[in-house]
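The values are calculated or read from the model by the stated rules, or taken from the named source; none is laboratory data. Treat the numbers as computed from the prediction; the structure is a model and nothing was measured. Backbone-built Cβ (ideal geometry, glycine too); neighbour counts: all protein chains shown.
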């Protein structure tokens, strides 16, 4: 028995299921369950299961469990009997195909079947088999040659044929309910094999875009009256030449069905005629079994760039697939974003941080490149860097759209991106410094420059050049003179360094070396025994 789920049973915009009337988006009673279904008004929809099929699913699970240790032929006979007694033989076959994925069949023979056949055929050729008696003689002669009984030879002769294999174990991943859920998902996925375009609305468009890009599909996000819609498509010539895109559409459905409140509409090539299939979260869901691991990044170029950038220590935080950007009536989701997070400062809310978006344009068709350039021309006013494959020769076109182009070949050079970010950083530091008063008077007696910069939401460089009339800069800490005077009163020439550090700590001075120097002392080291404080 094969393991492929049968092709979907099709009908129009409403469904049929065992004569039970369902609302639009479900099966309509016009179709028998063993027919190919209706195709009215250009509709195309799989015939899904219902609660009434739960007993059948449970029965088939029991059939597999009850045939462990028996030949596959006996299991097939039982399944054929189930087909004759069911409303839909196609449903029985589809469910059995899913269950067979969890079945393990073995060839059980005392003597390897191929060796047995070779010896038997050799003996038969020498004897000349034309009757049952001569066949028995050939088996006896082979048994003597193999050192076993003739019955063992008989059993081993064709033990490796599919119908003679034994169901060694059956460990189902599903119970009756999740088995039906998986069956419905498989039907919908099978229908998508012949899709030429898929349109999805979901509460998680960014997550779907990530899945689409991992699958290597071409997409765009359109702004509609009902919200943002993800449109996945490709050149017609490719769809006519291969079902690779349809296979990816089928895999995409699993990601779509894993979200909440979604609606999928697909254009299906039904033997040359376009039909529309519409699915919602009421039709298809994903059973909580057999998770499919997906790679983290869409391409090796992106993965290598992210790993290289995150290994650096910069004031920029890398963000994977940020929020969508408006491009006229449509939207685009860049591959990355960089958030400016100066050391020691709290980036804060999205509104308070500076973000640079980053798109990587690899090699695509001319049509795709033209569409991408059109998006770049109409994208909302944001800071955007575009790494573009040199083979596309699109750098000038990108620059003409007021975006910084970073050409690359093979992989994106992190240095080129960092250099572009530093240009933004210099402007940010200068702007932040200009927004600060010329004189800053912190309330605290002692405060580090990094803490002060965080308080103002700027970089350390922005505050370092300002005037502090009430404080003195000691190392990287601003200190009121009274604090230094109090520390000076507690330190004497010849005091052990450890004692001096304790005095400084009481005054909130943690940089002992800088504080002692400001007070007119130096440290005289005495080998491994410690240091002594001396006047300069």
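Details
- Qualifying residue in the stretch 492-500 (condition: within 56 Å of the chain's Cα centre (by Cα) and either surrounded by 16 or more Cβ atoms within 10 Å (Cβ to Cβ) or within 29 Å of residue 340 (Cα to Cα) (or both)): no
- Those residues of the stretch 474-489 which are without any contact (Cβ under 8 Å) to a residue 12 or more places away in the chain and within 18 Å of residue 448 (Cβ to Cβ), in sequence order: 481
- Residue in the stretch 187-208 that is surrounded by fewer than 15 Cβ atoms within 10 Å (Cβ to Cβ), in contact with a helix residue (DSSP H, G or I) (Cβ under 8 Å, 6 or more places away or on another chain), more than 22 Å from residue 261 (Cα to Cα) and touching a residue at least 40 places away in the same chain (Cβ under 8 Å) present: no
- Residue, farthest from residue 450 (Cα to Cα), within the stretch 490-513, restricted to residues that are touching a helix residue (DSSP H, G or I) at 6+ places or on another chain (Cβ under 9 Å) and assigned to a helix (DSSP H, G or I): 497
- Close pairs from the stretch 89-104: first in contact (Cβ under 8 Å) with a residue 24 or more places away in the chain and assigned by TED's automatic domain parsing to the domain that holds residue 52, partner surrounded by 21 or more Cβ atoms within 10 Å (Cβ to Cβ) and assigned to a strand (DSSP E or B), Cβ under 7 Å, at least 6 apart: 103/167
The rows are residues; the columns are (1) in a loop (DSSP other than H, G, I, E, B); (2) assigned by TED's automatic domain parsing to the domain that holds residue 316.
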{"position": "369", "(1), (2)": "no, yes"}
{"position": "396", "(1), (2)": "no, yes"}
{"position": "402", "(1), (2)": "yes, yes"}
{"position": "406", "(1), (2)": "no, yes"}
{"position": "425", "(1), (2)": "no, yes"}
{"position": "463", "(1), (2)": "no, no"}
{"position": "470", "(1), (2)": "yes, no"}
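- Of all residues assigned to the stretch 328-342, at least one qualifies as being modelled with pLDDT under 75, crowded, with 16+ Cβ neighbours inside 10 Å and farther than 29 Å from residue 264 by Cα.
- Per the conditions (1) over 28 Å from residue 158 (Cβ atoms); (2) at pLDDT 50 or above; (3) surrounded by 15 or more Cβ atoms within 10 Å (Cβ to Cβ); (4) under 33 Å from the mean Cα position of the chain (by Cα), the sole criterion not satisfied by residue 13 is (2).
- Residues that are in a helix (DSSP H, G or I) and either out of contact with any helix residue (DSSP H, G or I) (no Cβ under 6 Å at 6 or more places or on another chain) or at positive phi (or both), drawn from the stretch 411-423: 415, 416, 417, 418, 419, 420, 421, 422, 423
- Subset of the stretch 126-144 [loosely packed, with under 14 Cβ neighbours inside 10 Å and closer than 18 Å to residue 158 by Cβ]: 132, 136
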